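The values are calculated or read from the model by the stated rules, or taken from the named source; none is laboratory data. Note that the structure is predicted; figures quoted are calculated from it, not measured. A quick note on method: Cβ atoms are made from the backbone with ideal geometry, for glycine too, and the neighbour counts reach across all protein chains shown.
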Amino acid sequence: MALGDSFTEGMGDPHEDGSGLRGWADRFAERLAAGRPAFRYANLAVRGKRLREVAGEQIPLAAAMRPDLVSLFAGGNDLLWIRTDPDVLAQQADEAVAKLRRAGSEVLLLTGFDPQAFPGLRLIRGKVVAFNVHLRAIAQRRGCYLADLWSMSMLADPREWSPDRLHLGADGHRRVALLACEVIGAEVSEDWREPLTDRPAGGAWLARSASWLAARGSDARWAREHAAPWLVRRLRGVSAGDGMPPKRPQLAPVCDSGRSAGVGITL
């Protein structure tokens, strides 16, 4: 069972046929389901959720259904607020993990990624570091698996992200799923560390200038199309996920929708 916000819902990684979102958690479940007819998967994550909402809405459902493994990634929407205290946020995370562990589930925690590559998000880098320190301690204390997204240096490349700069693109989600497999000891035939294809060669001043101008244009479009609407919602106290149900509210076979379950995995 996957819990969390838009990252685990799969934003930035739509199905090619436009039928909905995929994302790292679905990709992870597809790989685990290969060759296991009895495998069941649920995804309760909803975009815009803050940690206290995940704890209040999703954790009780997960504890009641008692899945073998629960992934939890939450807190990113909280850290975007200037006044959020990572220490207080960590207390909420610890309480959430404790409830899942008392219910008998194994827990997979994921740290936050390094936002250094993005000028706007760079401002919260220190808070992400502090929260990650807490998550590592929680994982050790509670006996959880830990997927360290901060260690994924390729995520510093903008090509791994969707245009909104808040959500990974398809390849980024694929790599996180591979990391999750590695963390729990599942063998796969791909490596999340595989380098990205090099950018086209060319070091001329004119090319660099054109690239700089293109980047500034991209920044302006991002501010207009993504940052401004997000800020307006925040100021109004609303979320993009308000009223949205989770995409997979019940533990069910991964291939209910007729999609491939993935290949090549053993535990």
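Among the residues of the range 64-84, those identified as charged (D, E, K, R) and either in contact (Cβ under 8 Å) with a residue 12 or more places away in the chain or touching a Leu at 6+ places or on another chain (Cβ under 6 Å) (or both) are Arg66, Asp68, Asp78.
Please find, within the range 158-172, the residue that is surrounded by the fewest Cβ atoms within 10 Å (Cβ to Cβ) out of those that are of a type outside the set (Gly, Ala, Ser) and over 25 Å from Val133 (Cβ atoms). The extreme case among them is Arg159. Given the criterion touching a residue at least 40 places away in the same chain (Cβ under 8 Å), more than 28 Å from Pro14 (Cα to Cα) and in contact with a Ser or Thr (Cβ under 6 Å, 6 or more places away or on another chain), identify the matching residue among Leu135, Leu100. Of the residues listed, the single one that is touching a residue at least 40 places away in the same chain (Cβ under 8 Å), more than 28 Å from Pro14 (Cα to Cα) and in contact with a Ser or Thr (Cβ under 6 Å, 6 or more places away or on another chain) is Leu135. With respect to the conditions (1) free of Cβ contacts under 8 Å to residues at least 40 places away in the same chain; (2) surrounded by fewer than 15 Cβ atoms within 10 Å (Cβ to Cβ), Pro119 falls short on a single one, namely (1). If you go through the range 7-28 and keep only what is within 27 Å of Ala90 (Cα to Cα) and either crowded, with 24+ Cβ neighbours inside 10 Å or out of contact with any Lys or Arg (no Cβ under 7 Å at 6 or more places or on another chain) (or both), you end up with Phe7, Thr8, Glu9, Gly10, Gly12, Gly23, Trp24, Ala25, Asp26, Phe28.
Here Val133 fulfils each of the conditions (1) over 19 Å from Gln92 (Cβ atoms); (2) over 13 Å from the mean Cα position of the chain (by Cα) apart from (1). Note on the range 158-188: residues that are among the small types (Gly, Ala, Ser), at pLDDT below 95 and part of a helix (DSSP H, G or I) amount to 0.
Looking at the range 146-157, which of its residues are outside any helix (DSSP H, G or I) and of a type in the set (A, V, I, L, M, F, W, C)? Across the range 146-157, the qualifying residues are Leu146, Ala147, Met152. Residues of the range 81-93 that are of a type outside the set (A, V, I, L, M), surrounded by fewer than 16 Cβ atoms within 10 Å (Cβ to Cβ) and modelled with pLDDT of 95 or more: Asp85, Asp87, Gln91. When the range 94-113 is filtered for residues that are surrounded by fewer than 18 Cβ atoms within 10 Å (Cβ to Cβ) and assigned to a loop (DSSP other than H, G, I, E, B), the ones remaining, listed by number, are Ala103, Gly104.
Please indicate, with yes or no, whether at least one residue in the range 27-44 is modelled with pLDDT of 95 or more, closer than 23 Å to Gly75 by Cα and either of a type in the set (Ser, Thr, Tyr) or part of a loop (DSSP other than H, G, I, E, B) (or both). Checked the range 27-44: at least one residue is modelled with pLDDT of 95 or more, closer than 23 Å to Gly75 by Cα and either of a type in the set (Ser, Thr, Tyr) or part of a loop (DSSP other than H, G, I, E, B) (or both). Sort out which residues of the range 15-43 are in contact with a helix residue (DSSP H, G or I) (Cβ under 6 Å, 6 or more places away or on another chain) and farther than 17 Å from His173 by Cα, and write them in order of number. Once the filter is applied, which keeps residues that are in contact with a helix residue (DSSP H, G or I) (Cβ under 6 Å, 6 or more places away or on another chain) and farther than 17 Å from His173 by Cα, the range 15-43 yields Ala33, Phe39, Tyr41.
For the range 1-13, the tally of residues that are under 20 Å from Pro253 (Cα atoms) and either assigned to a helix (DSSP H, G or I) or modelled with pLDDT under 95 (or both) stands at 2.
Residue-level analysis places Phe118 among those that are at pLDDT below 95, out of contact with any Cys (no Cβ under 6 Å at 6 or more places or on another chain) and closer than 19 Å to Val176 by Cβ.
Taking the conditions exactly as written (among the basic types (Lys, Arg), touching a residue at least 40 places away in the same chain (Cβ under 8 Å) and under 30 Å from Arg36 (Cα atoms)), does Lys127 satisfy them or not?
no
Just one of the listed residues (Gln116, Gln91) is in contact with a helix residue (DSSP H, G or I) (Cβ under 9 Å, 6 or more places away or on another chain), outside any strand (DSSP E or B) and under 26 Å from Arg66 (Cα atoms), and it is Gln91.
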